[in-house]
Every structure is written in structure tokens, then in C-alpha cells.
Amino acid sequence: MSAFKEALRKDVEKTFINIDEFADVHDLNGKSIPCIIDKDLTQPAQQNLEGVFLNTMTIYVKASDLDLRPVEGELFKVDGSFHFVRSVSDEEGIYSIVCEANEQ
């Protein structure tokens, strides 16, 4: 492993996904896991349904903390609310999970 990749791995564990720095503990599919949740602006639903909004969030979590890699289109439970997984990418051991839910 290169020195850069080793330094990046240490940063992931000791800085980015660290509850004393950036991360908080959230319930992801029934399991308490340190992660970072970035909530985008809430936008009106695209089907022009009055009073319905699309709530989008990106979850950054260590891949090793989840039992399985989420799959696009599946339901993903975040702090008691269900969201659909829109996309998932693995960025050097961190999953970037984009989820969305319709809310009133």
C-alpha cells in the first residue's frame, strides 16, 4: 500500500468518520453507526404534487461498518425514516450513499 493510501485510510478512521470530529452516530438500518449526513435543500416533488417535497441526503459511512453495500432503488432506513437509495459509490473505503424520500 502506498504511503498516500495509508495516510488516507488513517484520516478516514481518525478524522472524517470520528464522532469527536465530523461524524455523529445515526441509526442506519437498525444499527448505530458513526457517519456524516449531508442534507441537501428540500425541493418540490417533480410530479407537481402540492405539499409534497423531495428530501435528499448524502450519507458518508465506512464501508466496513455496514453489513452489505446498499443497492440503488432499495429502501434504506435512516434514524427511523425510510429513504430510497438513489446511488452508492465507494470512495477509498467510504460509501457515499445518496438517498431521497417524499415528505409532506
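The values are calculated or read from the model by the stated rules, or taken from the named source; none is laboratory data. Remember, predicted model here, so these are calculated numbers, not experimental data. Here the Cβ is made from the backbone with ideal geometry for all residues, glycine too, and neighbour counts use every protein chain on show.
Residues in segment 64-104 that are among the β-branched types (V, I, T) and within 18 Å of D38 (Cβ to Cβ): V78, V85, V88, I94, I97, V98. Taking the residues in segment 51-104 that are free of Cβ contacts under 8 Å to residues at least 24 places away in the same chain, of a type outside the set (D, E, K, R) and exposed (fewer than 14 other Cβ atoms within 10 Å of the Cβ) as candidates, determine which candidate is farthest from E21 (Cα to Cα). Going through the qualifying residues, I end up with G73.
Do we find a residue being at pLDDT 95 or above and among the basic types (K, R) anywhere in segment 31-41? Yes, the conditions are met somewhere in segment 31-41. In segment 2-12 there is at least one residue that is modelled with pLDDT under 90, surrounded by 15 or more Cβ atoms within 10 Å (Cβ to Cβ) and not in a strand (DSSP E or B).
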